[in-house]
Amino acid sequence: MPNEKRTYAHLNQPRGSYSSAIRNGNWLFIAGTTAGAGVTPPQDPGDLVQQAETVFRHIGGILEKEGGGYQHLVTVTVFLTEGGRDAYNTVNETRARVFGDARPASTMVVVRELARPELKIEVNAIALFGQ
């Protein structure tokens with residue numbers, strides 16, 4: 001099956017050489033998503049809680065446009081610019097609140113900086129539909 005490039009009305013059009021997501025059959029590969037990805041990104045993206053919620057809601061919007069929801073997520077990879085137990089707990093608590101019962105496999109990695117220094121979290125994900 002060929003890869004189908006995806007863009008979404010609630011997200012900015014990618015400025016680089018990538019797509020917001022790639023659909024291949026029942027698989028959806030969601031690119032790294034930040035709090036600044038929305039069509040009207042906030043001047044101040046907020047603290048880690050606010051940014052995590054925004055990112056997870058952006059991903060939820062993608063899943064909804066593809067005909068699914070958080071329960072279709074297979075895995076998420078979370079990149080954080082803040083380390084330690086507090087940051088870990090903040091992201092997990094926010095994700096649990098937004099994702100509900102969905103519990104995809106997950107990796108959390110601390111990085112020095114994201115492409116935009118004011119951003120504290122970036123998440124990519126893989127979803128499987130129709131199974």
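Bear in mind these aren't lab numbers, they're just calculated from the coordinates by the rules spelled out. None of the values given here were measured: they were computed from a predicted structure. Glycine gets a Cβ as well: all are built from the backbone with ideal geometry, and neighbour counts include every protein chain shown.
With the condition kept exactly as written, say whether any residue in the range 18-36 is within 30 Å of GLY84 (Cβ to Cβ), surrounded by fewer than 22 Cβ atoms within 10 Å (Cβ to Cβ) and without any contact (Cβ under 8 Å) to a residue 12 or more places away in the chain.
Within the range 18-36 (the criterion being within 30 Å of GLY84 (Cβ to Cβ), surrounded by fewer than 22 Cβ atoms within 10 Å (Cβ to Cβ) and without any contact (Cβ under 8 Å) to a residue 12 or more places away in the chain), the answer is no, since none of the residues qualifies.
What residue, among those in the range 1-49 that are in contact with a Pro (Cβ under 9 Å, 6 or more places away or on another chain) and hydroxyl-bearing (Ser, Thr, Tyr), is farthest from ARG116 (Cα to Cα)?
My answer is THR7.
Can you tell which of ARG103, ARG85 is over 20 Å from PHE29 (Cβ atoms) and of a type outside the set (Val, Ile, Thr)?
Of the residues listed, the single one that is over 20 Å from PHE29 (Cβ atoms) and of a type outside the set (Val, Ile, Thr) is ARG85.
Say we look at the range 89-124 and pick out the residues that are within 23 Å of PRO41 (Cβ to Cβ) and among the acidic types (Asp, Glu); which of these is nearest to the chain's Cα centre (by Cα)?
GLU122
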